[in-house]
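Accompanying notes for the structure given below.
The values are calculated or read from the model by the stated rules, or taken from the named source; none is laboratory data. In this text the structure is predicted, and so the values were computed from the model without any measurement. No Cβ is skipped: glycine too gets one built from the backbone with ideal geometry, and neighbour counts run over all protein chains shown.
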Amino acid sequence: MEQNKGKNKGHDNLIPIKKGERLNPNGRPKGQKNFATIYREAIEKIAKSKNMTACEFEIELAEQAIRKGFNGDTRFYTDTMDRVHGKATQVTDNTTKIEMTVAPEVKEMMEKALDDI
């Protein structure tokens, strides 16, 4: 354990799994609902108590979340969308231009090298 000190960034109590070892071989128990299912059932239950359709209530809920988002509070909207639909993947832009100042002699060498190609 001492050899891992400092490598795990505050998680020194964690023990790496051995090759071929499975810590949760059975996975999630059958019949256990995921967040999206629980969320949908809750929307249907609340909508029924308000004499609305689930779709109408979900639209009303989204409107409230968007209004709060415009005022700077995006926690509910972000958390719900991430949990129901999955987090959006981060796209990187590979077309970023980098400007550098190059010494004149280096610039001459680069231009000469390009001319030789």
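Of the residues making up the stretch 39-61, those that are under 22 Å from Ala88 (Cβ atoms) and exposed (fewer than 14 other Cβ atoms within 10 Å of the Cβ) number 1. How many residues are assigned to a helix (DSSP H, G or I) and farther than 21 Å from Arg83 by Cβ if we restrict to the stretch 21-50? Number of matching residues: 2. Among residues of the stretch 1-12 being exposed (fewer than 10 other Cβ atoms within 10 Å of the Cβ) and within 26 Å of the chain's Cα centre (by Cα), the one that is modelled with the lowest pLDDT is Lys7.
Take the conditions (1) of a type in the set (S, T, N, Q); (2) surrounded by 11 or more Cβ atoms within 10 Å (Cβ to Cβ); (3) modelled with pLDDT of 85 or more; Thr80 misses just one of them, which is (3).
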